[in-house]
1. When each pair of different Cα atoms in the range 1-154 is counted once in the 1/r mean, what is the Kirkwood radius in angstroms, to one decimal?
2. Return the unpartnered cysteines for the chain, using a Cβ-Cβ cut-off of under 4.7 Å.
3. Springs between alpha-carbon pairs under 10 angstrom, Gaussian network model over the chain: which of His68, His153, His101 fluctuates most?
4. Provide the net charge surrounding Leu200, with neighbours chosen by a C-beta distance below 15 Å and charges set as Lys +1, Arg +1, Asp -1, Glu -1.
5. Using alpha carbons only, what's the Rg to Rh ratio of the range 36-96 with Rh from Kirkwood?
6. Rounded to whole Hz and in sequence order, give me ³J(HN,Hα) for the range 69-75 from the Karplus expression 6.51 cos²θ - 1.76 cosθ + 1.60, θ = phi - 60°, writing x for Gly and Pro.
7. Top mean-square fluctuation among Ala92, Ala51, Ala208, Gaussian network model of the chain, C-alpha springs under 10 Å?
8. Per DSSP H run of n ≥ 4, the term is -39500 (n - 2.57); total these for the chain, divide by its residue number, and report the mean residue ellipticity at 222 nm rounded to 500 deg cm²/dmol.
Amino acid sequence: MYSGIFDSHAHYDDERFDPDRDEVIAALQNNGVCNVIDVGCNLETSQKAAALAQRHPFFYAAVGYHPHEAENFTEEDFSEITDMLRHPKVVALGEIGLDYHYDLSPRDIQMEVFDLQLTAAEKLDIPIIIHTREATQDTLKLLEKHNCRGVVHCYSGSAETAKILVKMGYHIGFTGVITFPNARKIIEACDIVPPDRILLETDCPYMAPVPFRGKRCWSPMIEKTAERVAQIKEMEPQALIDLARENTQRLFGIK
Ligand code: NI
């Protein structure tokens, strides 16, 4: 078993953890996990993420408007979200971005809400957690407009795009998707990302790695993702886990 796993992106606020959330969280530290960032997607889940961070000493939170939720954005809710960013255990604005795969909110509204959150992150000097899917050009366009720092989570783009993001100073987050049989493109991207820009994450309860695919995911399953990434980077899995933890701590200002 590995130790010192920092899960940089999880959704323990998700309803799939409603039946046994406390037991699951209580078991994390005995299964190699030292820290978790729970990430919100709208006001309600951001509040839940912040409450988890308040309650569990090893949890941190990110708060923001997911592109799926862009259509429901209101000034009032966003001012509550920016207020939450003042709490020392709320370490990032996220997840924010663009999703043209599901298109659950109109694209122009997604762009507007992403842009506005990038402006806020820049002003508040807080790192961002980016969700981008099939929206590379518009994502890069908006990121170039702002001077932010952060991570592109659950990376699914090309090596070419990863190169651009790394050059802009961004970190790249890898989930269990890198263990899937069709992960060739993600593996190529991982290959070019410098080790000091790699973050590990589950995106749980989603994205369980092979051999747990389809099951409810939780942070200890990161070891399968870490083993795959370590193989690509020609490192020992434990060394990769340690480096990814240090990268996460540095990016989000966690000691
Ligand atoms: Ni997520």
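1. Values: mean 1/r = 0.0635 Å⁻¹.
Mean inverse Cα-Cα distance, inverted, gives 15.7 Å.
2. Unpaired cysteines in the chain: Cys34, Cys41, Cys148, Cys154, Cys190.
3. Highest fluctuation among the options: His101.
4. Values: positive: Arg197, Lys224, Arg228, Lys233, Arg245, Arg250; negative: Asp7, Asp196, Glu201, Asp203, Glu223, Glu227, Glu236, Asp242, Glu246.
With Lys, Arg at +1 and Asp, Glu at -1, the net is -3.
5. Numbers: Rg = 10.5 Å, Rh = 11.0 Å.
Over the Cα atoms of the range 36-96, Rg/Rh equals 0.96.
6. The phi angles translate into 9, 3, 4, 8, 4, 9, 4 Hz.
7. It is Ala51.
8. Values: 9 runs with 104 residues, N = 255.
It comes out at -12500 deg cm²/dmol, rounded to the nearest 500.
Readers should treat all values here as calculations from the given coordinates under stated rules, not as data from a laboratory. What you see is a predicted model; the values in this text were computed from it and never measured. Please note: Cβ atoms are built from the backbone with ideal geometry, for glycine as well, and neighbour counts cover all protein chains shown.
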